[in-house]
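Report on the structure given below.
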Amino acid sequence: MDSQYRGVLNGLKVRMQKNRLGELLVLDGQLSPSDLKHALALSKSTGKVLGKVLADEELVPSSVIRQTLIEQFFLRSALAILTIFISLGSMGAFSQARAGSAIKDVPARVAFQQASAYSSVSQYPKLFGSMEKQSSSLSAFTKWTGMFERFDAALNTSEGQQSMHNFKSQLEGLRGLSMNKAIEGVNSIVNSVPYVNDNVLYGKNDYWATPMEFLKNGGDCEDYAITKYVALRTLGVPEDRMRILILQDLQKNIPHAVLVVYTDNGAMLLDNQIRNVTPIERVSHYKPIFSINREAWWLHTKPKGNVTVVASSSR
């Protein structure tokens, strides 16, 4: 196992062993050790979960408890992803994708033209200065692969076809524009869709919606990113210029998702929390975890600086 990833994995394991809800709250100065001991005793005697006891006894604000529980979820997710990645690496899964191993190219079904309107990227800037390790094995990312399967099935229905027809009508005015103009237009169109939490729409904490579901119902951060990705594929932006990036919002201390587009001017961030398309180097409150597209995914670790992008475009 690569020593770099062994260290990251061990670090996450230590955090998961130590950072239970009560311990996290004590470490953050939100709860005293004596109050934690009292709350644990009440939890045991009443059968209530610790978070409920802390809120009922007014020892910790409910908003702080929710935020800490989100951090726990993030840590578990990060540990699971890294464990999968290292396991795949030990089996030699970091080689080039074999024929048929990538996800079906569903966005090509709705593209204005089959050929890409823009050239591919030859080199990539580091995202927030992070180091990257790539894998072509996507089977573990069931929310991502499942979205494509549902997207493909929806395109075989009259409702799905009409939804994409209406969406493409909105995109029509962006055809033939420079990549920068295209991504600005897509970002504006998609960001106008209302934000709605997954729990409200689907009764789940994390559901990756198809573009049709998002355009009909609204959605949360990854749904904005997915629909922007599909819109730009529709306009001819090639797969290798885009990734869905899962990151940690260091200001809100919660996971977040954005779309990254590699342009001739560097990596651009399309974010439902930021009104305008933004060069990635201008954003400092995000920490990348992993990024993914239809062909591969990348683990991001240890920020170390940045490099320039080398790319060319037909427009």
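A short reminder: the numbers here are calculations on the coordinates, not readings from a lab. Values in this document were obtained by computation on a predicted structure and should not be read as measured data. So basically every Cβ, Gly included, is an ideal-geometry build from the backbone, and we count neighbours across all protein chains shown.
Taking the Cα centre of the stretch 106-301 as origin and charging only Cβ (+1 Lys, Arg; -1 Asp, Glu), how large is the dipole, in debye to the nearest 20?
200 debye
Just want the ordering: Leu177, Leu54, Leu27, Leu201, from fewest to most Cβ atoms lying within 10 Å of their own Cβ.
Values: Leu177 15, Leu54 28, Leu27 12, Leu201 18.
Starting with the residue having the fewest Cβ neighbours, the order is Leu27, Leu177, Leu201, Leu54.
When the Karplus curve 6.51 cos²θ - 1.76 cosθ + 1.60 is applied with θ = phi - 60°, which whole-Hz ³J(HN,Hα) does each residue of the stretch 161-176 get, with x for Gly and Pro?
Per-residue couplings from phi come out as 5, 5, 4, 6, 4, 5, 5, 5, 5, 5, 7, 3, x, 9, 5, x Hz.
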